[in-house]
Amino acid sequence: MGLLGRDDGRAHRGTPADLLVMGLGNPGDTYVGTRHNIGAETVGVLAARHGVKLAATRCRALAGEARIGGKRIVLAFPLTFYNEAGNALVALARRYGIDDPRQVVVVHDELDLLPGTLKVKVGGGLAGNNGLKSIKAHLHSEDFIRVRIGVGKPPGREQGVDHVLRRPGKAERVELDVVIEKAADAVEAIAVEGPDVAMNRFN
């Protein structure tokens, strides 16, 4: 029994993966292109770069395996809703033999960063992000790696939840498309060189 608790019968029997990368978002066409789904978009970019087809699994996620710098990397997008992402992540972690939170990378939108900005972080607070809260609750740790993509705070009296569930305007969309590619670069750096190198390069 490892960090993630007793095997639930879906544990991976072969060589464990080196890293599990999950991009947060909501499933379904309604949410495509919203600010809340830019983590999932980043995983989509990585899958396209490395010729990976993401397929539905019993772990309530789309997932596929990539080789990045000789490392075995699982790319995933939860089929749960954003606030329940921990359910899918912990099932995938068990399936692929991930038992250290520092082998988990979560890519997500961040209200506290300006649109188009990017930060890599290991552990720390959750800044009210319910997806991260779910992941912490299921991993029993907050020491996972985060790739945080800024979407900025909502204008005026608009609530944060309304802001992230909306699609950005054209100018902001261009900014986000650029930073999503940069976020994919950051994930590759984490996989190959480790989070400390990635933090120095991208923060």
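Summary of computed values
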{"item": "Search result, residues across the range 142-160 that are among the small types (Gly, Ala, Ser) and part of a loop (DSSP other than H, G, I, E, B)", "result": "Gly152, Gly156"}
{"item": "Residues (touching a residue at least 24 places away in the same chain (Cβ under 8 Å), crowded, with 17+ Cβ neighbours inside 10 Å and either part of a loop (DSSP other than H, G, I, E, B) or not basic (Lys, Arg) (or both)) located in the range 118-141", "result": "Leu118, Val120, Val122, Gly131, Leu132, Ser134, Ile135, His138, Leu139"}
{"item": "When residues of the range 76-98 are limited to those that are of a type in the set (Phe, Trp, Tyr) and free of Cβ contacts under 8 Å to residues at least 60 places away in the same chain, the one farthest from Asn130 (Cα to Cα)", "result": "Phe77"}
{"item": "Selection status of Asp185, assigned to a helix (DSSP H, G or I) and over 15 Å from His36 (Cα atoms)", "result": "yes"}
{"item": "Single unsatisfied condition, Leu113 versus (1) farther than 15 Å from Ala191 by Cα; (2) not in a loop (DSSP other than H, G, I, E, B); (3) not small (Gly, Ala, Ser)", "result": "(2)"}
{"item": "Residue among Arg166, Arg148 that is touching a residue at least 40 places away in the same chain (Cβ under 8 Å), out of contact with any Gly (no Cβ under 8 Å at 6 or more places or on another chain) and surrounded by fewer than 17 Cβ atoms within 10 Å (Cβ to Cβ)", "result": "Arg166"}
{"item": "Some residue of the range 169-181 being part of a helix (DSSP H, G or I), more than 17 Å from the chain's Cα centre (by Cα) and closer than 17 Å to Asn26 by Cα", "result": "no"}
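Every number in this text was worked out from the coordinates using simple rules, so none of it is lab data. What you see is a predicted model; the values in this text were computed from it and never measured. Counting neighbours? That spans all protein chains shown, and the Cβs are built from the backbone with ideal geometry, glycine included.
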